[in-house]
Amino acid sequence: MKISHLGAKDCVTGSCHLVETNPGSPDGINILVDCGNAHGDDPELPFDQFPVPPRAIHYLFLTHAHIDHIGRVPDLIDAGFRGEIICTHATKALLLPMLRDAMSFSRTREDGTHRAAATTTPPPDPHQKLSAKKLETLIDDLSWGFELHQTFTLKQGITFKLSNAGHILGSCFILFTFPDHQGRAYRVIFSGDLGCTDTPILPDPDPPECCDLLILESTYGNRRHPDRKNRIEALRRLLDKALADKGIVYIPAFALGRTQELLYELDRIGLKVPVFVDSPLGLEITEIYASLESFWDEDARNLLAKGDHPLDFKGLYAVRKYRDHQQLLTLSGPAIIIAGSGMCTGGRIVDHLEQGLNDPANDIVFVGYQAKGTPGRRMIEGKIPVKAGIHTLSAYSAHADQQMLVDWVNAMPEPPGAIRLVHGDSEARRALAQALGMERCEF
């Protein structure tokens, strides 16, 4: 068996991993785990450089519906993939809205040029490129939602089990069991993106089972988050101070996950200023979240049972139409505007920042990871000069920090035979390897 890391091997975004059970043999099974877009300076491997062509991939597993894990799925299908797409039921519900947006969304490079959200090598005959409508139909036909905590069987006796990863709604880690010719099974876990404990709406990550090889994300492998139990108060204090001068607080937020967390906690704070969600996709995803209450954690379900919807409150306004977005650009504060994209690489947040960042009365609050080379990262580093206040709240990270990752690995009944660190910058991988014990880590 061979496992190749085709994306996010030495960086954070563009997750893509290939498992070949019998490389080069027509009897082998080829499994792809995630197929995501790279952001910022992170590289993307063209499909014609994959070890196997897309048409030879039997299964595509999706750990969750963030674009850096699913964004290249339409192009994979365009390039010939017709295998099964396997994910959780909640990810299945989120898949098409996220990909529909990705297929129409352009990102702005730092040099001012544009590229499509999925930059991949086109099929040999460009006239055979599928329409967006056909791609949506194929994605829906090929994808299947599966229950958590149950074991299912693929071809040649390979089994898989999906468990809750606590990163966003529907996120999972995957345990594969591969039969061995000597009668012993070989067990591999792909962590996907692991979330934090105490995340609004989401159950905490499940503990992992034993495995021979753990492929582990390391996004925050060199950091410790502030105490998440105090983050509502930290957000309240920051907003009170930022809004005192009657300005606008801009919060770039991913449509999936971060927007819903912010709404949950703004509801708890109960500010007396208007909150605008200026993101059609964010609003659509919020509606899907609201319809998936069976996947919420106990606290969120209890709030709903008491008549307090955790994703809705007085003073919350939805901005769907583009003309309403244009009117919002002329808004006077105090107000809070939540808009995508989360790394300021495109979307409606770009218009707001162009309008408001030269006003010292305004503030921008970053509540998510900013990849190298993205406008968000460059603003934090001071490479893009602005007059507005710049703040970061790392307690809002959807990724587990170093201690959470170590605790998650230590929760295994027995230590894994080997650990391979991916999905992290070199400093993060090195620090996490040291924390885990370098003798059993590859990074």
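Could you grab the pairs with beta carbons closer than 8 Å, sequence gap of 6+ or different chains, first residue in the stretch 387-404 and under 20 Å from G356 (Cα atoms), second one open to solvent by less than 30 Å² (accessible area, probe 1.4 Å) and polar (S, T, N, Q)?
A388/N362; G389/N362
Within the stretch 270-287, which residues are open to solvent by 10 Å² or more (accessible area, probe 1.4 Å), closer than 26 Å to T330 by Cα and in a helix (DSSP H, G or I)?
Of the residues in the stretch 270-287, the ones open to solvent by 10 Å² or more (accessible area, probe 1.4 Å) are 270-274, 276, 279-281, 283-284, 286-287.
Still in the list and also closer than 26 Å to T330 by Cα: 270-274, 276, 279-281, 283-284, 286.
Selection gives P280, L281, L283, E284, T286.
Identify the single condition in (1) among the aliphatic types (A, V, I, L, M); (2) buried (at least 17 other Cβ atoms within 10 Å of the Cβ); (3) in contact with a helix residue (DSSP H, G or I) (Cβ under 6 Å, 6 or more places away or on another chain) that L214 does not satisfy, given that it satisfies every other one.
(3)
With the structure loaded, tell me whether L148 is under 30 Å from P415 (Cα atoms), of a type in the set (A, V, I, L, M), in contact with a strand residue (DSSP E or B) (Cβ under 6 Å, 6 or more places away or on another chain) and at pLDDT 95 or above or whether it fails that test. Talk me through it step by step, then tell me what you get.
Values: under 30 Å from P415 (Cα atoms): yes; of a type in the set (A, V, I, L, M): yes; in contact with a strand residue (DSSP E or B) (Cβ under 6 Å, 6 or more places away or on another chain): yes; at pLDDT 95 or above: yes.
Considered against the rule, which asks whether it is under 30 Å from P415 (Cα atoms), of a type in the set (A, V, I, L, M), in contact with a strand residue (DSSP E or B) (Cβ under 6 Å, 6 or more places away or on another chain) and at pLDDT 95 or above, L148 comes out as yes.
Let me spell it out: the conditions are (1) of a type outside the set (D, E); (2) at pLDDT 85 or above; (3) more than 28 Å from I419 (Cα to Cα); (4) part of a strand (DSSP E or B), and R115 meets all of them except one. Which number is the exception?
(2)
Every residue in the stretch 249-273 that is among the acidic types (D, E) and farther than 24 Å from C344 by Cα, please. Before you say what the answer is, go through the steps one by one.
Taking the stretch 249-273 and keeping what is among the acidic types (D, E), we get 261, 265, 267.
Residue satisfying the conditions is D267 alone.
Within the stretch 249-263, is even one residue in a loop (DSSP other than H, G, I, E, B) and open to solvent by 70 Å² or more (accessible area, probe 1.4 Å)?
First, the residues of the stretch 249-263 that are in a loop (DSSP other than H, G, I, E, B): 253-257.
Pick out the ones that are also open to solvent by 70 Å² or more (accessible area, probe 1.4 Å) and you get none.
Within the stretch 249-263, not a single residue is in a loop (DSSP other than H, G, I, E, B) and open to solvent by 70 Å² or more (accessible area, probe 1.4 Å).
From the residues in the stretch 181-195 that are touching a Leu at 6+ places or on another chain (Cβ under 9 Å) and open to solvent by less than 10 Å² (accessible area, probe 1.4 Å), which one is farthest from E261 (Cα to Cα)?
V188
Mind checking whether some residue in the stretch 339-348 is of a type outside the set (G, A, S), modelled with pLDDT of 95 or more, within 30 Å of R378 (Cα to Cα) and open to solvent by less than 20 Å² (accessible area, probe 1.4 Å)?
no
Name the pairs: first residue in the stretch 151-162 and within 14 Å of I31 (Cα to Cα), second residue open to solvent by 40 Å² or more (accessible area, probe 1.4 Å) and assigned to a strand (DSSP E or B), Cβ to Cβ under 7 Å, at least 6 apart or on different chains?
Pairs found: T159/T151; T159/F152; T159/T153; F160/F152.
I need a count of the residues in the stretch 248-258 that are over 14 Å from T392 (Cβ atoms) and either basic (K, R) or at pLDDT 95 or above (or both).
Of the residues in the stretch 248-258, the ones over 14 Å from T392 (Cβ atoms) are 248, 254-257.
Still in the list and also either basic (K, R) or at pLDDT 95 or above (or both): 248.
Result for the stretch 248-258: 1.
The values are calculated or read from the model by the stated rules, or taken from the named source; none is laboratory data. Here the structure is a predicted model, which is why all the values come from computation and not from measurement. Here Cβ is always computed from backbone atoms with ideal geometry, including for glycine, and neighbour counts include all displayed protein chains. Quick note on the areas: whole protein, heavy atoms, side chains included, nothing else; ligands and nucleic acids left out. Shrake-Rupley method; radii C 1.70, N 1.55, O 1.52, S 1.80 Å.
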